[in-house]
1. Only one residue in L254, L239, L296 is open to solvent by 20 Å² or more (accessible area, probe 1.4 Å), on the phi < 0 side of the Ramachandran plot and assigned to a strand (DSSP E or B), so which one is that?
2. Can you name the residue in segment 183-216 that is within 23 Å of L254 (Cα to Cα) and of a type in the set (S, T, N, Q) and is also modelled with the lowest pLDDT among such residues?
3. Show the residue pairs that are 6+ apart or on different chains and have beta-carbon atoms under 7 Å apart, the first residue being within segment 203-218 and open to solvent by 40 Å² or more (accessible area, probe 1.4 Å), the second being in a strand (DSSP E or B) and aliphatic (A, V, I, L, M).
4. Pick from segment 52-96 the residues that are out of contact with any Asp or Glu (no Cβ under 8 Å at 6 or more places or on another chain) and β-branched (V, I, T): which of them is nearest to V41 (Cα to Cα)?
5. So is N162 open to solvent by 70 Å² or more (accessible area, probe 1.4 Å) and either modelled with pLDDT of 95 or more or part of a loop (DSSP other than H, G, I, E, B) (or both) or not?
6. So D186 ticks every box in (1) within 26 Å of N293 (Cα to Cα); (2) buried (at least 18 other Cβ atoms within 10 Å of the Cβ) but one. Which box is left unticked?
7. Out of N124, N109, N134, report the one residue that is closer than 18 Å to L29 by Cβ and surrounded by fewer than 16 Cβ atoms within 10 Å (Cβ to Cβ).
8. What number goes with the only condition from (1) closer than 20 Å to Q207 by Cβ; (2) surrounded by fewer than 20 Cβ atoms within 10 Å (Cβ to Cβ); (3) hydrophobic (A, V, I, L, M, F, W, C) that L316 does not pass?
Amino acid sequence: MKSFIFFGLIVATLFLSCNDSENQNEIILTNSSGNINNVSVIIENEKWEGQIGEALRKNLAAAVDGLPQEEPLFSLNQMPPEAFSGFVRKNRLFVKIESDKPANFKVFNDPFAHPQTGILIAGNNPQEIVDQINKHSDSIIDILKTTEVKEKQRRIHKSLKNDEKLKKQFGVSLKFPSAYRYAIEDENFFWIRKDIPSGNMEIMVYQVPISSIENDSSVVSNIIRMRDSIGETHIPGPLKDSYMITEEAYAPYLFDSEIDKKFAYETKGTWEVKNAFMAGPFINYAVRDSANNRYLILEGFTFSPSTAKRDNMFELEAILKSAKIE
């Protein structure tokens, strides 16, 4: 038993000194912990207050695209290296900064717990470390976000709503919690809802011909036109002649994405209710299903006035990314 513990200490030491350990998988790992989208940042206090901390905050705590109020990509919890021990090492996401070492960037899977992603960034001086942060910022964000999407989906799988109706109507499996309910089940449109203390979380599923999005007009304009048409038909507002539309003042963000290994347009922005004072964020995936000559539309949106919405939208994103198209 003593030799086993000693071996574990060696592995941990090798990790912290930025070396690989081929035998660390032999260690029995306990479950990781931590709230979704919370990152522990292991760095000396004075460096956190300086240019290194500024670079970390600029990249990892940047505003989430498409939200009506500014909210950070990740909530950052800084701690000095001597505090990173015991139970704290079980945090699911952490970034460790090492000074006075050759410039380096490494990603470690499950170094102290499972599932866990650790990122080590090193440099001989603050500027080298800042350069490493800026150089790899996109990769860092993608890696951390992928870990969190998988973790959110794992939690969702504990209590799933039956999705046979979606499979039958649209040929798509979607894993969402049992707390959601089917609000509309039309031949060409499904509306799925969950009540939350401050409002609602919503999912829409429908399909359009490929030509509805891919024609001579811009993709963004076509997606806006499609959303507004669906909103007018299916999502009424509280007043007469009011219905959901894409916010008119600002164009949504458009990204190339992928759902179930199929190309998808990912659109993030704000919806509003025409002729009424209601608004909130949305995320829309238009998934190209060439075999069926269609775009399958998966959208999530939230109405939760005067509250933070990042985590609600992240749940919807994780649900939509679970889609499997038959």
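1. Working: L239 fails: assigned to a strand (DSSP E or B); L296 fails: open to solvent by 20 Å² or more (accessible area, probe 1.4 Å).
Matching residue, one of L254, L239, L296: L254.
2. That would be N215.
3. Q207/L296; Q207/I297
4. Taking segment 52-96 and keeping what is out of contact with any Asp or Glu (no Cβ under 8 Å at 6 or more places or on another chain), we get 52-62, 65-79, 82-91, 94-96.
Add one more test, that the residue is β-branched (V, I, T), and what stays is 52, 88, 95.
Details: I52: 11, V88: 11, V95: 5 Å.
My answer is V95.
5. Working: open to solvent by 70 Å² or more (accessible area, probe 1.4 Å): yes; either modelled with pLDDT of 95 or more or part of a loop (DSSP other than H, G, I, E, B) (or both): yes.
Yes, satisfied.
6. (2)
7. On the way: N124 fails: closer than 18 Å to L29 by Cβ; N134 fails: closer than 18 Å to L29 by Cβ.
Just one listed residue meets the conditions, N109.
8. (2)
The values are calculated or read from the model by the stated rules, or taken from the named source; none is laboratory data. It should be emphasised that the depicted structure is a prediction, and the values quoted were computed from it without experimental measurement. All Cβ positions, even for glycine, are placed from backbone atoms using ideal geometry, and neighbour counts span all protein chains on display. What goes into the accessible areas is simple: the full protein's heavy atoms, side chains included, and nothing from ligands, DNA or RNA. Shrake-Rupley method; radii C 1.70, N 1.55, O 1.52, S 1.80 Å.
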